[in-house]
Amino acid sequence: FLVNRGWIPSSMKQEFQAANSKKDIQIVVVPGPAEKVGQFIPPNEPEKGVWFSISSPEMSWHCNLPAPAPVCDQFEEVPTGGHPIKKSQGDILSTYVTPITHLAYCTTWYSLSALMTIGTYYRFR
């Protein structure tokens, strides 16, 4: 498994790796769907250890794993405000909104806006 333990600033990378490299830890993880990469996210730079998105095939290859490993997210029930910044329980429980849902919202609100414009016109003419 690959575990997404959260985000840290680049300036803390060496310090975080040194503090956590030889430590046994117990974590709570949740398996989830693969991360969707947006069009404005730059490509990962595995040779520099810079990851802009979570790509199981790239990370598995970088870690010399035989096959793409499933990715799990570590989360905190109550965010501590420190680093690494992990997903909260609310982030894990929220659902992905599909494009068809966005279209339904768009249609609903534009229709309501058009009806209110027409109603206002007839009311105050």
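Annotations
- Taking segment 6-33 as the range and being surrounded by fewer than 10 Cβ atoms within 10 Å (Cβ to Cβ), in a loop (DSSP other than H, G, I, E, B) and either at pLDDT 70 or above or not β-branched (Val, Ile, Thr) (or both) as the test, the residues that pass are Ser21, Lys22, Lys23, Asp24, Gln26, Pro33.
- Of the residues examined, Phe40 is not one that is at pLDDT 80 or above, part of a loop (DSSP other than H, G, I, E, B) and under 17 Å from Cys72 (Cα atoms).
- Cross-chain or 6+ apart pairs with Cβ under 9 Å, segment 98-115 first and open to solvent by 100 Å² or more (accessible area, probe 1.4 Å), then aliphatic (A, V, I, L, M): Tyr105/Val97
- Hits in segment 43-72 - residues which are over 17 Å from the mean Cα position of the chain (by Cα) and part of a loop (DSSP other than H, G, I, E, B): Gly49, Cys63, Asn64, Leu65, Pro66, Ala67, Pro68, Ala69
- Residue match in segment 52-64 (condition: of a type in the set (Gly, Ala, Ser) and modelled with pLDDT under 70): no
The values are calculated or read from the model by the stated rules, or taken from the named source; none is laboratory data. Everything numeric in this text was worked out from a predicted model, so none of it was measured. Virtual Cβ from ideal backbone geometry, glycine too; neighbours counted across all protein chains shown. Note: areas computed on protein heavy atoms with side chains; ligands, DNA, RNA excluded. Shrake-Rupley method; radii C 1.70, N 1.55, O 1.52, S 1.80 Å.
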